[in-house]
Structure formats: C-alpha cells, structure tokens
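One structure is given below, encoded as structure tokens.
The values are calculated or read from the model by the stated rules, or taken from the named source; none is laboratory data. Since the model is a prediction, treat every value here as computed from it, not as a measurement. Note: ideal-geometry Cβ built from the backbone for every residue, glycine included; neighbour counts use all protein chains shown.
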Amino acid sequence: MRGMFVTGTDTGVGKSILSAALLAAMAAEGERVRAYKPVLTGLDEPVEIGAQGRWPRDDELLATAAGMDPELVAPMRFGPAVSPHLAASLAGKDIDPARLLAGARERSGEEHILIVEGVGGLLVPLSNDCTVRDLAAALGLGLLIAARPALGTINHTLLTLESARAGGLDVRAVVLTPWPAAPSQMQLSNRETIARLGAVEVQTLATVARPARGDLARAGEGLPWRRWLGG
C-alpha cells in the first residue's frame, strides 16, 4: 500500500485541509489518488474550520481533491459530533477495525496513492479495543502530524510525537497550518522548538482561501510529498 496517514494534535487542527492539499497537489502532478476517512462523525453539525467560516464537510473536501464520491471517501458516517466509539454506540452499531482496514486496501491498489485521514488525535478510540493509533499502525503508512502554529502547540505536538513513536509509527513530518505569510516570533520559535525537541522535520501549509481543487493544489505543491512517500 502506497500512501500516508494524516493525524492531528487535536480535532480542528487542519487534518482535512492538509489531506486535501496533498491529494490535489498529487493529482495535479498526474498521480492517481484516493482518499479515505474511515469514520466520519458530526454530520448533524455545521462545519467551521477555524476563522475561515463555513467549509464543506471533511468527506466532501477530500472528495473534491481526489475526484471521488463523498460516501466512498467516508463509508462509516454518524450524526453526533462525538468520539467514534460513542457515535457508533448511540447508533446501536459497532466499529469493526478489520472492516476499516479492508476499506483502506480496497481504495488503494498498486496504481493509487492513498491518503488516510484519522479522526481527532492518535489516542481517540474507534472501538473499545482499537484507537486511531492502532489503525495507523496496522496500515503501516508513513505518518504526517497536522498541528497549529499557535500557543500551546509545542506541548500538544511533542505529546503526539511521543505517542506515535511509542506505537511504532513511522513519523515523516509535522505540518504547521495555517501558516501565515508573516509569521510572528512565537510561531517561528514554535516551529524551531518542535523540530529540535521532537527531532522531526517541520513543514508549513499556508492558509487555503477556498475549498477549490486549484487552491488546494497550490497550497500543497510546496510540500515534499514525493520524498515522504519514498520514506
């Protein structure tokens, strides 16, 4: 399986935008891509991405970037904006990790690059005995960590790095987003400190103005995704 797994330091830190930017940039370079968000919650809630206002839901944004149907991107879908294990319980369903793995394999294949977007952070429970980290480990893809550039990100990001490495994940990079055109001294320091203390590559992704494929591709084209894939 060729691709990457995108996680975050928390919910709402830019996982979907990073995933979509990668997909759009790859597609613009002629690569065949597929997106997969194994579990989607919050269908009943309005979508707000930071200060950018209303945007499409995660499945719709990823579908736009990958040229797919949203329901193929996210096969397990729940209304409440809660943790996946609780959302499934409220719906009277179970989340089977084996089914999630099978879904990833069905969407990949030798000819596609697969971008898998997790739910929340690495230790979010998908079921009573499976976390997002467990799923990422089972897939065996290189890991990207989306993080905010703002105050508090050093602690959140270093904890996520520690958890990823403890779980045997292959961390390729941290991506700070949205990265401003004129970063503050604190934001620059955050980037340098995470790279130094976390012994990790730190890249940045600028603010994406609109959820259009071209805008996403332009944001993602500066990321070294070919090197990350080569691992």
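Points worth noting:
- Residue in region 34-55 that is touching a strand residue (DSSP E or B) at 6+ places or on another chain (Cβ under 8 Å), touching a residue at least 40 places away in the same chain (Cβ under 8 Å), among the small types (Gly, Ala, Ser) and on the phi < 0 side of the Ramachandran plot present: yes
- Residue selected from region 20-32 under the condition crowded, with 21+ Cβ neighbours inside 10 Å and in contact with a helix residue (DSSP H, G or I) (Cβ under 6 Å, 6 or more places away or on another chain), by the criterion farthest from Leu126 (Cα to Cα): Ala25
- Residue list for region 208-224, restricted to those being buried (at least 16 other Cβ atoms within 10 Å of the Cβ) and assigned to a loop (DSSP other than H, G, I, E, B): Val208, Pro211, Leu223
- Only one of the numbered conditions (1) at pLDDT below 90; (2) of a type in the set (Asp, Glu); (3) crowded, with 22+ Cβ neighbours inside 10 Å is not met by Glu111, and that is (3).
- Cβ-Cβ contacts under 8 Å between residues 6 or more apart (or on different chains), taken from a first residue in region 1-25 that is farther than 10 Å from Ile115 by Cα to a second residue that is aromatic (Phe, Trp, Tyr) and modelled with pLDDT of 95 or more, are listed as Ala25/Trp225.
- Unmet criterion (only one of (1) buried (at least 24 other Cβ atoms within 10 Å of the Cβ); (2) of a type outside the set (Ser, Thr, Tyr); (3) modelled with pLDDT of 95 or more) for Ala63: (1)
- Of all residues in region 163-175, one or more are crowded, with 23+ Cβ neighbours inside 10 Å, more than 26 Å from Gly103 (Cβ to Cβ) and under 13 Å from the mean Cα position of the chain (by Cα).
- Residue in region 129-142 that is outside any helix (DSSP H, G or I) and polar (S, T, N, Q) present: yes
- Residue within region 126-138 that is crowded, with 21+ Cβ neighbours inside 10 Å, without any contact (Cβ under 8 Å) to a residue 60 or more places away in the chain, in contact with a Leu (Cβ under 7 Å, 6 or more places away or on another chain) and farther than 28 Å from Glu31 by Cβ present: yes
- Residue in region 125-132 that is hydroxyl-bearing (Ser, Thr, Tyr) and under 27 Å from Gly230 (Cα atoms) present: yes
- Taking each residue of region 193-206 that is modelled with pLDDT under 95 and of a type in the set (A, V, I, L, M) and looking for partners that are in a helix (DSSP H, G or I) and buried (at least 16 other Cβ atoms within 10 Å of the Cβ) with beta-carbon atoms closer than 8 Å, six or more apart or interchain, yields Ala206/Ala219.
- Matching residues in region 207-222 - criterion: being without any contact (Cβ under 8 Å) to a residue 12 or more places away in the chain and either in contact with a Pro (Cβ under 6 Å, 6 or more places away or on another chain) or among the aliphatic types (A, V, I, L, M) (or both): Ala209
- Against the criterion of being surrounded by fewer than 14 Cβ atoms within 10 Å (Cβ to Cβ) and over 28 Å from Leu176 (Cα atoms), Ala87 does not qualify.
- When region 165-183 is limited to residues that are not small (Gly, Ala, Ser) and not in a strand (DSSP E or B), the one that is farthest from Ala199 (Cα to Cα) turns out to be Pro180.
- So Gly152, is it free of Cβ contacts under 8 Å to residues at least 12 places away in the same chain, surrounded by fewer than 18 Cβ atoms within 10 Å (Cβ to Cβ) and farther than 30 Å from Thr64 by Cβ: yes
- Scanning region 78-96 for residues that are farther than 17 Å from Leu123 by Cα and acidic (Asp, Glu) yields a total of 1.
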